[in-house]
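The values are calculated or read from the model by the stated rules, or taken from the named source; none is laboratory data. Note that this is a predicted model, so its numbers are computed, not measured. Counting neighbours? That spans all protein chains shown, and the Cβs are built from the backbone with ideal geometry, glycine included.
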Amino acid sequence: MSFAVTDWVAHYAGNTPDKYALREIPSGRSFTYAQMHERVARCAGMLRAHGIGKGDRVAFLTLNSTDTMELIFACWRIGAISVALNFRLTPPELKFILENSETSLVLVDSPFTAMKDALDGNCCVKHWVITDGMGGESEYETLLAKADPIYDMVDQNLEDQCMLMYSSGTTGTPKGVIITHGMMYFSNISGISPSRATSDGVSLANMPLFHIGGLNVTAIPAICIGGTCVILRMFDPTMTLNAINDPELGVTTLFMVPAAYNALKNMPNVDEIDFSRIQTALCGAAAVPVGLVKWWMEKNVIIQEGYGMTETCAVGCMLTKDHIPERVGSAGKAAIHSQIRIVDAAGKTCAPNVPGEIWFRGAAITPGYWRRPDANKEAFVDGWFKSGDIARMDAEGFIYIEDRVKDMYISGGENVYPAEVENVLFQMPEIAEVAVIGVPCEKFGETGCVYAALKPNQTLELETVQTHVTAQLAKFKHPRHLRIVKELPRTATGKVQKFILRDQFGSE
C-alpha cells in the first residue's frame, strides 16, 4: 500500500496561519505559515510557467535563505525534483551535476552570477532565475509577483523522488543520491523523540542547506512539525551567537558540525551569551571530540551526537539526553525507522565492540544513486546499504563511530582510526583544531601524521604530542609526524578534506 504525500506548508497554513514559519537573518524577513503558503504557491506557479512539471529537475545555487526553502517546497507541490548545488564547486564540477541530472531551471543567488555566466549556454539548463536572497528587487521577486499561484499539491506517493543531492566527488565522479518523499517523512519522524522536538521549537539553520545535515536536521523538520525555522545566510560565529542570545527570536534548537561548535567555543564573548533557551543541541557530520562535549556541558548546552548520511536522509542514530553524560562519545542507538549492523570484511555481523563497516536498512534509506547501476551494485547487499564508515556497537546497542574506511590506516599490522587519535589530541591546550592522516612508513607500512592549527601564541613540538598520547593510546597509534598549519582545509559542511592533507604530505 502506498500513501499520498502531505503538503506540510498548506496544512499548517490552514491550522496555524499566523505562526511564524520562516525568519531570516540578516534581512529581517519573517513569514507566517499563511504567507509562506502564498509564496510557495507563487513559486510553484513560476516554475509551471517555465514548463516545469512532475519529475523535472530544478536546482538551487544559493546561500541559505527563505527563497531556497520556498523553491524546495514549490518543487514538491508540483511534483518536481529539487537539486542541491554546492556553491563551492567549480563551473566544470557544477556542469557535470547539471548535465547528469538534466536540470531545467536553476535559482541563482546574486553572489554566484559569475558562476551562472560561466555555465549559461554551456550546459543543458534552459532557465536561470536570479535572486538576491534578501528580499530585495530581483528577477525572482518579479516573477513571483506575476505568477499564477498553485495552492494544491499534485498527487504523489511516498516512493516518489523529491530531491537529488550529489556526493562531494573527492573520491571520483559525484553520485546523485536519490531522496524520496518517504525518506523525508520517516527521517523527520525518527528525529522527533530523540531530539524532543515540538511545534513550539525554534530551529536555527546556519549550516548549508545544500547539505543533508543543514537541510534535514533543523530546517525541514521545523516545517514538518509546524515549528519555526530561523535562517542564517551561512555559518558565522558572531551572527550565530547573536541569534542564540536574542530573546525575541527564541532559538531552542541547534545543529552544527564539531568545527562550528569549536568556533563558538573560541569566541571571546562566548561567556556573555545566554544559552538558557537552548533545549536541543545536535552535532554530527564528523566525530565529536569528548572534550568539546564536556566543555559545552559546563554551559548547560547538552550536545547530542548523531550519525547519518545523505544516503540515510541524515538519520541513523542519535544519543539521547537520557544517556548523557555516561555515554558521551557514543552516537546513540539506531533510530526508530533504521536498522544498523556492524559488519566485517566477510559480510558477517561483528561481535560487540569489534569495529566494522556500518550497514543500514530502513524507511529512510535511499533506493539508490541516480543513473548509476554500477554504484548501486557496489553499495547494496541484500537490501543493506554499505556506508563506508567504521563503527563498533556495544552489547547494549550503543554505536561508537570510529572513522571512514578510507581514512583508516594500518601501522605494523594494526588498524588505526584517526578519529580516536584526534579525540585525544583535541584535549591538548595548545591545539585549536587537529586532523590525523596515515602516511607511508618504511618500518611499519604506515604511521600517523598530525596536522594541527594552534591557538594564539602557542607552540607545539612532536615530542610534546607523543608524551600527551602515551598514557591514552597504544604505541602503534602514536603519531610520528607533526605539521603546524594556519587552518585545516574543510568542505562547506565542516568536514576536513584529508585528501588535501595527504597530497600536501606527499609533495613535501
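Worth pointing out:
- Selection over segment 327-363 of residues that are farther than 30 Å from residue 291 by Cβ, in a loop (DSSP other than H, G, I, E, B) and either of a type outside the set (A, V, I, L, M, F, W, C) or in contact (Cβ under 8 Å) with a residue 24 or more places away in the chain (or both) gives a count of 6.
- Long-range neighbours under 7 Å by Cβ, at least six apart or interchain, first residue among the basic types (Lys, Arg) within segment 155-182, second modelled with pLDDT under 95: 175/166; 175/167; 175/372; 175/375
- Residue in segment 445-464 that is assigned to a loop (DSSP other than H, G, I, E, B) and of a type in the set (Phe, Trp, Tyr) present: no
- Leading residue by the ranking (nearest to residue 496 (Cα to Cα)) among those in segment 440-459 that are of a type in the set (Val, Ile, Thr) and in contact with a strand residue (DSSP E or B) (Cβ under 8 Å, 6 or more places away or on another chain): 450
- Test result for residue 377, outside the structural domain of residue 475 (by TED's automatic domain parsing) and within 20 Å of the chain's Cα centre (by Cα): no
- Of the helices (runs of 4 or more DSSP H) entirely within segment 170-249, those holding at least 3 residues that are of a type in the set (Gly, Ala, Ser) and under 27 Å from residue 398 (Cα atoms) occupy 181-195.
- Selection of segment 119-166 for residues being over 19 Å from residue 50 (Cα atoms) and either among the β-branched types (Val, Ile, Thr) or surrounded by fewer than 16 Cβ atoms within 10 Å (Cβ to Cβ) (or both) yields 122, 136, 137, 155, 157, 159.
- Counted residues, segment 49-99 - those being part of a helix (DSSP H, G or I) and closer than 28 Å to residue 23 by Cβ: 13
- Hits in segment 83-93 - residues which are surrounded by fewer than 24 Cβ atoms within 10 Å (Cβ to Cβ) and not acidic (Asp, Glu): 86, 87, 88, 89, 90, 91, 92
- Of all the residues in segment 247-294, those that are in contact (Cβ under 8 Å) with a residue 60 or more places away in the chain and more than 18 Å from residue 204 (Cβ to Cβ) number 7.
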